[in-house]
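*Asks:* One structure is given below, represented as structure tokens, and several questions about it will come after.
The values are calculated or read from the model by the stated rules, or taken from the named source; none is laboratory data. All values derive from a computational prediction rather than experimental measurement. Positions of Cβ are generated from backbone atoms using ideal geometry, with glycine treated the same way; all protein chains shown enter the neighbour counts. To get the accessible areas, we keep the full protein, side chains included, count just its heavy atoms, and leave off ligands, DNA and RNA. Shrake-Rupley method; radii C 1.70, N 1.55, O 1.52, S 1.80 Å.
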Amino acid sequence: VQLQASGGGLVQTGESLRLSCATSGSTFRGYAVGWFRQAPGKEREFVAVIMWSTSITTYADLVKGRFTISRPSAKNTVYLQMDNLKPEDTAVYYCAADTMIYGLRRNRHAYKYWGQGTLVTVSS
């Protein structure tokens with residue numbers, strides 16, 4: 001399984017970015033594909049996840065209503081649309097994937113496969 005994250009950059013408060021996670025190496029049936037982020041000096045935290053087969057989504061409270069995770073059918077890419085960005089969203093964003101017990105989908109330790117990370121910087 002391989003994951004490649006891209007789309008990060010420098011934006012101003014209130015602007016938008018769309019991150020992409022290109023996946024390969026599996027059918028991903030039964031997988032969860034999640035986005036996590038890590039700010040300097042902080043632990044990696046859950047952002048959002050989509051269940052590959054059902055497209056059920058879950059969001060962290062901090063991003064609910066501003067971020068949207070999606071996986072267009074017949075595409076092997078998971079997107080994270082980030083709107084109304086805030087300086088506190090500044091972090092390296094990682095996508096991750098694994099077969100998953102649904103109740104563990106927010107837990108970064110439950111994911112075996114990780115992309116390389118893409119930096120998002122939001123200036124005030």
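*Asks:* Tell me the GluC sites (Glu not before Pro) within the range 29-124 that lie in a loop according to DSSP and have at most 12 other beta-carbon atoms within 10 Å. Spell out each step's value before the answer.
*Replies:* On the way: sites: 43, 45, 88; in loops: 43.
Listed in order of number, the matching sites are 43.
*Asks:* Another question, then. Between residue 77 and residue 108, what FRET efficiency follows from the Cβ-Cβ distance if R0 is 25 Å, with the result rounded to 0.05?
*Replies:* Result of the calculation: an efficiency of 0.75.
*Asks:* Quick check: at a probe of 1.4 Å, how many percent of the accessible area of the range 58-113 sits on carbon and sulfur atoms?
*Replies:* On the way: 1470 of 2920 Å².
Here it works out to 50 percent.
*Asks:* Whole number in Å², please: accessible area per residue of the chain, 1.4 Å probe, ligands, DNA and RNA not counted.
*Replies:* That works out to 51 Å² per residue.
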